[in-house]
Each structure stands twice: as structure tokens, then as C-alpha cells.
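Quick notes on the structure that follows.
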Amino acid sequence: MIIKSNKIIPASEITDPLIFKNRRQIIKAMAGSLLIGSGISSVFANDKIDWIKLPKANVLTNSLPVTPAEIVKNYTNYYEFTFNKTDTTSLAQNLRTDPWSVEISGEVETPGVYYLEDILSHQSLQEYIYRFRCVEAWSMVVPWIGFPLSALLKTVKPLSSARFVQFTSIYSPQVMPNQRDNAMLDWPYQEGLRIDEAMHPLTILAVGMYGETMPKQNGAPLRLVVPWKYGFKSIKAIVKIELLKKPPVTTWNKFAPNDYGFYSNVNPTVAHPRWSQNSERQLGGSFFTPRRQTELFNGYAHQVASLYNDMDLRHFF
Ligand code: MTE
């Protein structure tokens, strides 16, 4: 554990945002984790760290190979910028991710606007190698670097009335062409979880991957990763986290409620109205790589199925 003070700075006490440098802080936090893992003091070049030495979460993927970083970095869904998966890499570089703050509000004892720097100073980073299954039926295996969402939520003390969590991405029409043009979705992008899903140890907030700070196109500086749900739940560039009494509005569910449910747990037996979810194309494979059989809860049933004991899996998508 990184032991730091528990001081969190509320919006009212914030001074000059320009003195904070999130990127540096993420590297510093990674360095802290590295030091815990190795006992060695070290300096990092080019934002790269020796990720092998990062403490690893014991929730590794089912021994599938990690997808090559270049593929994960250059085949992204970030609809604020473009509907094209490859142009995002260059377009997303226009987003300013430093300084960055996150508003945490709603049913919590200590609402406020928190600098990412302060958030990270209370967290120890770990590597989580997770399988990631997109609703479009492709999949990958990614070594994320992050911390449990529950650890952040605990710092703001959720009230017993908090039943759901809503996440909101940045709204920046100056640099996000599809926001500027009001294209397709209602912006900003929003997602949500039930509070028990949010508090589950597999649910993380990620600030990096492949031993580096999060690339902008993959959701820098802070994104959600919920490995047993379809990828669209893993919202990027989070600026607001609100704890709610009632189920939140979520972008894709609002856009097409029959296609994209609130839960969206990976389930090979429930087809999307236009395609089967029974199997998946693994990114990084060759033309000859066979499609992989999709697993219930993306292979994490052992850890998460009990969250849904009282629900009929066929009826909740
Ligand atoms: N978050 C925001 N803000 N905007 C998006 O368009 N796309 C979602 C999710 N998070 C999206 C988002 C979808 S559809 C997927 S599959 C994943 O991000 C993709 O993550 P990746 O691009 O890092 O692979």
C-alpha cells in the first residue's frame, strides 16, 4: 500500500489548477507501485515503466495471450471524435488531459471536485490483465494499470441511499467533432452501474496500460473498465461520477434501448438484434485464427455471477 495523507481537496479549496500536472502524477503513482513491487528506486524514461514489476491483481485472464499494444492503441472506439476506429489515434491527441479533475457528487458524504492528482495520491496502482469483449463481437486482452473503483468511492463515503453510479465523459466540442456536430448520440457520453457492481473488486478505474500512461485514444487520463460487461460500459475520459438513488441514464441504452441494455453483461446466449454474441474475433489473430467461443460474463462468472442471483439471465441484457 502507498501510505499518504487522507486529505482530499474540495472544490472550494482548489487554488491554481495549473500547478497540477496529472501526467507526472500518474507516473509518480506508477513509480510508487513499482517501488512497492521491487524495492528499487528508479527513474522512468518516456513514460514507460517496467510493468512486469508492478503488483499484479490476481484476476488474470484465462491464460489467453495479451493482445499486442499497437493493435489495442490503434483500433479504438471513441465516438466523440469519429466513428472510424483508426482515425481516433490522431484526432484524440487534440484533447487536453492535464490538468484533470473529477466531480464526485450525489449520495455521498463528501461531494466535491477532486484533482486526479489527489485521487491518485490515495490509491496504489496495480496491473490488471483483463479480457475485453466489445458488443461488436471482437475481443482483446489488455494489461490495464489502475485501481479499484470501490477504493475511490470509499474515500467519499457513499450514503446508504446510493444504489447506482453514473459516469460522465468530458464534453469538449471544440476538439470533439461529433459533439460539435451533434452526431448520432446524446453527448456527453454517459454510463452507469449498480452500486454493488461498482464496488466489485474487478471493477477498476484505469490510468494506464502496457506499462504506460493511458493513451488519449484509449480514454486518458481516467477510464472505467468492467471486464464482465460489453466494452461500451467502459467509459473513457471520466469527468463526473454521481451516486444516485435511481438507475441512471446511459448513452447507448437511450440511443437504442432494445440493442444496448443497462446491464450489458457479456452473454453468448442473448444475441444482439442484428448479430450473434455466441463467438468473438480476437484482435491480433491472423486470418486463420478461429473465432473464440464467448463465455458468460466474459469468463468472470465465478467472480460476478452471484451479483445476479435473483435475475433471469435470458431477460437482462
Ligand atoms: N467512452 C467514450 N467516452 N466514448 C466512446 O465512444 N466507446 C466505448 C467505450 N468507452 C466509448 C467509450 C466502446 S463502444 C468501447 S468497445 C470501448 O470504449 C473501447 O475501448 P478502446 O477504444 O480502448 O478499445
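Only the coordinates and a few stated rules stand behind these numbers; no lab work does. Quick caveat, the model's predicted, so the values are computed rather than measured. As a convention, Cβ positions derive from the backbone with ideal geometry for all residues, glycine included, and neighbour counts pool all protein chains shown.
Data for the structure
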quantity: Local electrostatic count, Gln282, Cβ distance below 12 Å [Lys/Arg +1, Asp/Glu -1]; calculated: +4
quantity: Phi to ³J(HN,Hα) by Karplus 6.51 cos²θ - 1.76 cosθ + 1.60 over region 277-292, Hz, x for Gly, Pro; calculated: 10, 5, 9, 9, 8, 8, 4, x, x, 9, 4, 8, 5, x, 5, 9
quantity: Karplus-derived 3J(HN,Hα), 6.51/-1.76/1.60, for each residue of region 70-77, Hz, glycine and proline x; calculated: 4, 6, 5, 7, 10, 9, 10, 9
quantity: Candidate aspartates and glutamates - alpha carbon under 13 Å from Lys229, same-chain residues fewer than 8 apart omitted; calculated: Glu136, Glu191, Glu197, Glu295
quantity: Trp138, Trp144 arranged by Cβ crowding within 10 Å, fewest neighbours leading; calculated: Trp138, Trp144
quantity: Counted charge near Pro188, where neighbours are those whose Cβ lies closer than 13 Å (Asp, Glu -1; Lys, Arg +1); calculated: -1
quantity: Residues whose placed amide H lies under 5 Å from that of His272, excluding near-sequence neighbours; calculated: Gln277
quantity: Convex hull volume of region 63-165 per residue (C-alpha atoms, cubic angstrom); calculated: 151 Å³
quantity: Cα extents of region 109-217 along the three principal axes, largest first (Å); calculated: 38, 31, 28
quantity: Amide hydrogen neighbours beyond the local backbone of Leu222, cut-off 5 Å, H modeled; calculated: Ala237, Ile238
quantity: Gyration tensor (alpha-carbon) shape descriptor, region 249-317, a/c threshold 1.5; calculated: oblate
quantity: Net charge of neighbours whose Cβ lies under 12 Å from the Cβ of Glu136, counting Lys and Arg as +1 and Asp and Glu as -1; calculated: +2
quantity: Unsatisfied cross-links (Cα-Cα over 25 Å) in the set Lys85/Lys246; Lys73/Lys233; Lys233/Lys254; Lys85/Lys245; calculated: Lys85/Lys246; Lys85/Lys245
quantity: By average C-beta atoms within 10 angstrom, highest first, the peptides 244-250, 112-118; calculated: 112-118, 244-250
quantity: In Hz, Karplus ³J(HN,Hα) per residue of region 254-262 (6.51, -1.76, 1.60; θ = phi - 60°; x = Gly, Pro); calculated: 5, 5, 8, x, 7, 9, 10, x, 5
quantity: Nonlocal amide H pairs with Val266, under 5 Å, H built at 1.01 Å; calculated: Lys229, Tyr230, Phe297, Asn298
